[in-house]
Amino acid sequence: MSRISPQPGIMEIALYEGGQSTIEGVSDFVKLSSNENPYGPSDAAKEAFRKLGMNLHRYPGTDHAQLRGAIADIHGLNAEQIICGVGSDEVLQFISQAFAGPGDEVIYTEHGFSMYPILAHACGATPVKVPERERVVDVDAVLNACTERTRIVFIANPANPTSTMIGSNEVTRLADGLPEGALLVLDGAYAEYVEGFDGGAAMVQARDNVIMTRTFSKIHGLGGLRIGWGYAPKPIIEILNRIRQPFNLSEVQLGVAEAAMRDTEFVKKCLVDNTRMRAWLAKALAEIGVPSDTSCTNFILARFASEEEATACDAYLKSQGVIVRKVAGYGLPNCLRITVGDEAGCRRVAHAVKSFKEAAE
């Protein structure tokens with residue numbers, strides 16, 4: 001029998017399952033399962049990708065200075081407090097690896113992003129799931145769950161897959177109420193979909209126990225390139241950079257992300273279009289008896305009467321060439337997460353759900 005065994009916690013990890021991307025035997029389908037930008041990346045980002053493809057033989061820089069500078073310029077931040085990673089997932093991994101381990105606890109909420117417990121197990125820490133209140137983060141429940149072993153609290157704000165968020169007063173109360181030595185990590189993957197929202201940047205600047213993460217995968221339309229970033233007090237960034245591999249991002253990733261970040265007009269257009277179609281889709285679904293919470297993201301969490309109805313609707317949508325996301329694994333068996341697509345995509349999914357409901361009557 002082999003004596004080779006993994007570190008504690010590794011075998012507790014349930015493998016992450018991404019959203020379905022295809023339907024067997026169907027070519028004319030619309031994918032609304034992964035919260036992707038239906039318009040793709042900006043023209044500036046695509047042009048940068050084309051040009052940078054000529055330099056695939058070159059090693060990238062190791063300090064990400066130009067990308068960090070672009071992020072700092074656009075968001076009004078200190079570039080020295082920014083770290084870049086392979087998606088925000090890698091930045092979250094750096095945080096877990098650096099600040100949690102065996103004997104420590106990592107808190108996340110019951111419908112929180114499924115990577116949080118995976119990251120806790122990966123570093124040998126104990127994940128602690130805290131109840132939400134009607135699909136919204138419950139700050140009191142989080143604070144009550146904290147112990148002297150708490151090292152990290154992960155909060156997605158706005159949240160995936162619920163689409164809800166808590167206000168700055170509640171985030172402040174949470175940050176101020178954490179035990180000494182614990183970090184609050186604000187996962188802002190969907191922050192750009194809330195007009196005027198800084199994702200927690202001001203909170204980072206005012207405290208020494210808050211970290212904000214962001215991604216290029218959503219509104220910037222670069223999910224296929226995997227680029228993210230984090231903003232934290234400088235002493236924390238210096239720690240995270242000690243475990244970041246020097247060549248973790250390619251020249252292509254860095255250059256395309258910089259172009260995407262500086263194309264603020266494209267981001268504004270995507271925000272406007274998403275806001276308009278999100279409201280239309282939520283209203284269209286509500287009118288046929290499928291409610292949802294007010295969404296602060298680029299998706300709708302559609303609620304059905306039962307798990308059976310949600311499962312049946314998902315199957316019917318696939319038969320009509322529409323792919324959405326089942327979220328039973330997030331503790332929401334009676335829900336389907338539906339990405340806000342372009343107008344054609346939104347109308348198609350709304351029509352299909354309406355047809356399903358009418359056939360079931």
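Considering only VAL210, VAL185, VAL327, the mean-square fluctuation computed in a Gaussian network model of the chain, springs between alpha carbons under 10 angstrom, is largest for VAL327. For GLU148 and ILE74, what is the calculated FRET efficiency with R₀ set at 30 Å and r taken between the beta-carbons, to the nearest 0.05? Efficiency at R0 = 30 Å is approximately 0.15.
With the convex hull drawn over the C-alpha atoms of region 43-115, the volume per residue is 175 Å³.
For region 87-198, the Kirkwood estimate of the hydrodynamic radius, built from every pair of different alpha carbons, is 13.9 Å.
Listed cross-link partners LYS218/LYS326; LYS129/LYS283; LYS31/LYS234; LYS46/LYS318 are compared with a 28 Å cut-off, the Cα-Cα value being larger for LYS129/LYS283; LYS31/LYS234; LYS46/LYS318. Calculated mean residue ellipticity at 222 nm for the chain: -12000 deg cm²/dmol, from DSSP H runs with n ≥ 4 weighted as -39500 (n - 2.57), summed, divided by the residue count and rounded to 500.
For region 13-97, GluC sites (Glu not before Pro) are listed when DSSP marks them as loop and at most 14 other Cβ atoms sit within 10 Å of their Cβ; the list is GLU17, GLU24. Looking at region 35-123, which chymotrypsin sites (Phe, Trp or Tyr not before Pro) are DSSP coil and have at most 15 other C-beta atoms within 10 Å of their C-beta? Loop-located and lightly packed - TYR39. Gain on full extension, evaluated as 0.36 nm per residue between GLN97 and HIS351 minus their Cα-Cα distance, stands at 86.9 nm.
I need the calculated FRET efficiency for the pair GLN205 and ALA359, taking r as the beta carbon distance and R₀ as 45 Å, to the nearest 0.05.
Computed FRET efficiency for GLN205 and ALA359 comes out at 0.25.
With 0.36 nm allotted per residue and the present C-alpha distance subtracted, the ALA312-GLU238 stretch has 21.6 nm of extension available. Between ASP43 and ILE288, the FRET efficiency from the beta-carbon distance, with R0 = 30 Å, is close to 0.20.
The H on the amide N of ARG133, modeled in the peptide plane, is under 5 Å from the matching H of ASP138, each at least 5 residues off or on a different chain.
Bear in mind these aren't lab numbers, they're just calculated from the coordinates by the rules spelled out. Bear in mind that the values here come from a model prediction, so they are computed numbers and not experimental data. Every residue, glycine as well, gets a Cβ built from its backbone with ideal geometry; the counts of neighbours run over all protein chains shown.
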